[in-house]
Amino acid sequence: RGQKVAQGVEFYVAAASSEVQAETEESGDWQALINAGAIPLPPGCGPCIGLGKGLLQDGEVGISATNRNFRGRMGSRDAEAYLASPAVVAASALKGYICAPEGMLDDIPDEKGPGMMEDTQAAEAGGTGGGVLPEIVKGFPEKVKAGVVFCNEDNINTDGIYAGKYTYQDGMTPEQMGTVAMDNYDPDFNDHYQHGDLLVAGYNFGTGSSREQAATCLQYKGVPLVVAGSFSATYVRNAFNNGYLCLECPGLVEFLRDSKVGDSKLTTRPDGMSVEVDFVNWKLTVTTNDTAKTFAVAPVGVAAQELVVAGGLEAWVKAQTA
């Protein structure tokens, strides 16, 4: 209180909801921020998901109290976005550079919040339950064969798959969604991808926010399925709810990496390489020229297969209640 935002700094503030803003207005904290030079934004996500004012431009540096700073999420891919606590963000706005708030918040009581929750969730691929493979549902493909486009990165997030700037553009057609898929991960992705290729990626594919467009945009692009070392559990749920198939095959990922396929490149399409998935036996065979190597695939259960055949959860429910 009583201090001013540093010259050359734009300090944006947005409440999580209108109720939260009303509470801070009643306490006087909101006005204190405005008096310090803060620029108010409407309650909600705003710059955090790349919408509205306050977006980072090329070469700019930003610090935010939001929870994600994936490249391009809060504006330009060529900007630097740092994450910090609200106290650090406020102190940095006053000083004009990123700094801790020591000596600036003496009037704030020292209250210890809850400790960080230990993440004990283990998202494991469904096993075979003692070696019994799931039956193939009528209408589910027995085999898929296609070329390969390899994204040699772990933790490819939903912002990279489908950028935040498109998420709330309700007027986007399926064709447009397919065109921009993966361009925030790699602007040159479309130079490598050929329609119908399988997308192969590293581990924890689809991490980040739960936007379902990150699954549907790949459908619309013509990618028949995604193969990865592992997936975000949220991404898999969204994918199958939209009738889109995801397969875990860490053996393929390690083989491609050991073979230096796509080494140091975001995206590559190996010449002469194809993949055939045998869903009856849950095996994946990669062929390069005259060499073939086969890997086990984590089986997809009957319930998930039914969602793929039906075209998603909504279609499945309609069929069950018809």
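The values are calculated or read from the model by the stated rules, or taken from the named source; none is laboratory data. Just so we're clear, the structure is a prediction, and the values are computed from it rather than from any experiment. Don't worry about glycine lacking a Cβ; one is built from the backbone with ideal geometry, like all the others, and counts go over all protein chains shown. With ligands, DNA and RNA removed, areas are computed over all heavy atoms of the protein, side chains included. Shrake-Rupley method; radii C 1.70, N 1.55, O 1.52, S 1.80 Å.
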Checklist entry - How many of the residues in segment 269-292 are without any contact (Cβ under 8 Å) to a residue 24 or more places away in the chain, surrounded by 15 or more Cβ atoms within 10 Å (Cβ to Cβ) and of a type in the set (Gly, Ala, Ser)? => result 0
Item to check | Of the criteria (1) under 23 Å from residue 256 (Cβ atoms); (2) out of contact with any Pro (no Cβ under 7 Å at 6 or more places or on another chain); (3) surrounded by fewer than 18 Cβ atoms within 10 Å (Cβ to Cβ), which one residue 197 fails | outcome: (3)
Checklist entry - Going by the conditions given, is residue 111 among the acidic types (Asp, Glu) and either within 22 Å of the chain's Cα centre (by Cα) or modelled with pLDDT of 50 or more (or both)? => result no
Checklist outcome for this item: The number of residues in segment 1-18 that are touching a Gly at 6+ places or on another chain (Cβ under 8 Å), open to solvent by less than 70 Å² (accessible area, probe 1.4 Å), in a loop (DSSP other than H, G, I, E, B) and under 15 Å from residue 40 (Cα atoms) is 5
Item to check | residue 252 being surrounded by 15 or more Cβ atoms within 10 Å (Cβ to Cβ) and assigned to a helix (DSSP H, G or I) | outcome: yes
Checklist entry - Hey, does segment 45-55 have a residue that's more than 28 Å from residue 210 (Cβ to Cβ), open to solvent by 60 Å² or more (accessible area, probe 1.4 Å) and touching a residue at least 40 places away in the same chain (Cβ under 8 Å)? => result no
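Okay, residues lined up against (1) in a loop (DSSP other than H, G, I, E, B); (2) touching a Leu at 6+ places or on another chain (Cβ under 8 Å); (3) not acidic (Asp, Glu):
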| position | (1), (2), (3) |
| --- | --- |
| 274 | no, no, yes |
| 277 | no, yes, yes |
| 284 | no, yes, yes |
| 287 | no, no, yes |
| 294 | no, yes, yes |
| 299 | yes, yes, yes |
| 303 | no, no, yes |
Next on the checklist: Looking only at segment 157-184, how many residues end up being modelled with pLDDT of 95 or more and touching a strand residue (DSSP E or B) at 6+ places or on another chain (Cβ under 8 Å)?
Outcome noted: 1
Checklist entry - Tally time: how many residues in segment 146-179 are surrounded by 21 or more Cβ atoms within 10 Å (Cβ to Cβ) and either free of Cβ contacts under 8 Å to residues at least 40 places away in the same chain or touching a Ser or Thr at 6+ places or on another chain (Cβ under 6 Å) (or both)? => result 4
Item to check | Hits in segment 1-44 - residues which are of a type in the set (D, E, K, R) and closer than 25 Å to residue 209 by Cα | outcome: 19
Checklist entry - Which of the residues spanning segment 297-308 are surrounded by fewer than 16 Cβ atoms within 10 Å (Cβ to Cβ) and touching a Gly at 6+ places or on another chain (Cβ under 9 Å)? => result 301
Checklist entry - Listed residues 222, 262, 301, 243; which is touching a residue at least 24 places away in the same chain (Cβ under 8 Å), closer than 16 Å to residue 154 by Cβ and not acidic (Asp, Glu)? => result 262
